[in-house]
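Here is the structure we will look at, set down as structure tokens.
Every number in this text was worked out from the coordinates using simple rules, so none of it is lab data. None of these values were measured; they are calculated from a predicted model. Neighbour counts are summed over all protein chains in view; Cβ atoms, including those assigned to glycine, are modelled from backbone coordinates with ideal geometry.
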Amino acid sequence: MTPLVTTAADVRSAVAAARAAGQWVGLVPTMGALHAGHAELVRAAKRACDFVVVSVFVNPTQFGPKEDFAKYPRTLDADRQLAADAGGDLVFAPTPAEMYPDGFVTFVEVTKLDEVLCGPRRPGHFRGVATVVLKLLNVVQPDVAVFGAKDAQQAVIIRRMVRDLDVPVAIQVEPTVREADGLAMSSRNRYLSADERAVAPKIYEALKETQARAAGGEIDVARLESGLLAAVAAIPGARVDYANILDAENLTPMTRLDRPALAAVAVFLGTTRLIDNVILG
Ligand code: PAF
């Protein structure tokens with residue numbers, strides 16, 4: 001099992017020891033409930049670095065008042081085992097009081113990029129993400145931090161934050177890991193009923209269909225987007241939160257597919273909100 005530390009002071013001294021031994025340091029920030037997708041992030045960090053810290057922190061500031069903070073799965077022992085098996089060297093699992101001590105009032109906002117997709121639907125979410133990620137980067141001071149492409153908007157926002165605030169870290173984004181039937185791995189998949197789980201792969205099918213249309217020569221983004229929306233809306237029991245195609249780097253609207261685009265969807269199956277995306281072009 002990966003050794004566990006719970007304070008910023010302890011993670012700093014472990015990282016200092018690794019650095020003193022000439023090691024490169026990687027960070028994989030997570031909220032725990034680790035699955036095979038997280039294992040790939042840890043393996044990628046281990047390929048790039050010698051000493052890999054996996055943070056496990058269910059970050060209260062990125063959940064809305066009606067979201068699943070209280071019921072978010074917490075599986076620290078299993079997480080430590082999975083992190084060890086994938087090559088992690090240290091798990092950092094702080095308490096909320098360690099991350100947000102009394103009197104905490106400072107937040108990071110990455111504007112504009114949070115005005116689309118999940119931003120308006122989850123007010124304050126990316127402010128919470130950016131704040132906790134910057135804190136983790138400041139505590140661990142890694143050479144490389146690894147994130148998953150499933151949270152595409154989060155990855156764009158973190159890259160921009162690091163660039164805008166001159167944070168000395170390389171941000172690495174790893175491809176989405178999928179179940180055999182195409183469903184993107186997510187800690188929230190465990191909330192799905194059997195019926196919801198059965199139709200969930202259709203989300204990725206809709207995205208792949210859009211990718212195929214784009215590869216086949218369709219460059220009109222409005223047509224691609226309405227096809228994507230129709231395909232996702234046709235999933236039995238699905239309530240579409242959004243289905244959008246935006247510039248992959250700036251998350252701005254596009255009319256023609258003349259540069260890489262992010263096709264992203266958020267869908268409710270019952271009460272579970274799933275997100276997924278593909279890159280077009
Ligand atoms: O992607 C996640 O699991 C979280 O948003 C992150 C990056 C660990 C911040 O809490």
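Mind giving me the nanometre distance, one decimal, between the label points for Ser226 and Glu109, set 7 Å out from Cα along Cα→Cβ?
3.6 nm
For Thr252 and Ala97, what does the FRET efficiency come to when R0 = 35 Å and r is the distance between their Cβ atoms, rounded to the nearest 0.05?
The pair Thr252/Ala97 has a calculated efficiency of 0.35.
Under the definition of Cα pairs under 8 Å and six or more residues apart, what whole-number percent is the relative contact order of the chain?
17 percent
Rank Ile157, Ile219, Ile245 by mean-square fluctuation in a GNM of the chain with C-alpha springs under 10 angstrom and give only the top-ranked residue.
Taking springs between Cα atoms under 10 Å, the residue moving most is Ile219.
Report the Cα centroid-to-centroid distance between region 162-233 and region 234-281 in angstrom, as an integer.
Value for the Cα centre distance between the two parts: 7 Å.
Pick from Asp102, Asp151, Asp77 the residue whose mean-square fluctuation is largest in a GNM of the chain, springs joining Cα atoms under 10 Å.
Looking only at Asp102, Asp151, Asp77, the largest GNM fluctuation is found for Asp102.
Angle between the Cα long axis of helix 152-164 and the longest principal axis of the chain, 0 to 90 degrees, nearest 10?
The answer is roughly 50 degrees.
Placing +1 on the Cβ of each Lys and Arg and -1 on the Cβ of each Asp and Glu in the chain, which of Leu183, Ala170, Phe92 has its Cα farthest towards the positive end of the resulting dipole?
Working it through, the farthest residue towards the positive pole turns out to be Leu183.
Treating only the Cβ of Lys, Arg, Asp and Glu as charged (+1, +1, -1, -1), what charge dipole size does region 172-259 show about its Cα centre? Round to the nearest 20 debye.
So the dipole magnitude of region 172-259 works out to roughly 160 debye.
Taking the 0 to 90 degree range and rounding to the nearest ten, how far is the long axis of helix 76-85 tilted relative to the main principal axis of the chain, both from C-alpha atoms?
The two axes meet at around 90 degrees.
Using the Cα centre of the chain as origin and beta-carbon charges of +1 (Lys, Arg) and -1 (Asp, Glu), tell me which of Ala44, Ala17, Phe63 is placed farthest towards the positive end of the dipole.
Towards the positive end, the residue furthest out is Phe63.
Can you list the chymotrypsin sites (Phe, Trp or Tyr not before Pro) in region 127-207 that are in a DSSP coil and have 12 or fewer other beta carbons within 10 angstrom?
none
Along the three principal axes, how long is region 131-281 when you take its alpha carbons, biggest first, rounded to the nearest angstrom?
Sorted from largest, the Cα extents of region 131-281 read 45, 39, 24 Å.
Calculate the FRET efficiency for Glu67 and Ala36 from the Cβ-Cβ distance with a Förster distance of 30 Å, rounded to the nearest 0.05.
Given R0 = 30 Å and the Cβ-Cβ separation, E is 0.80.
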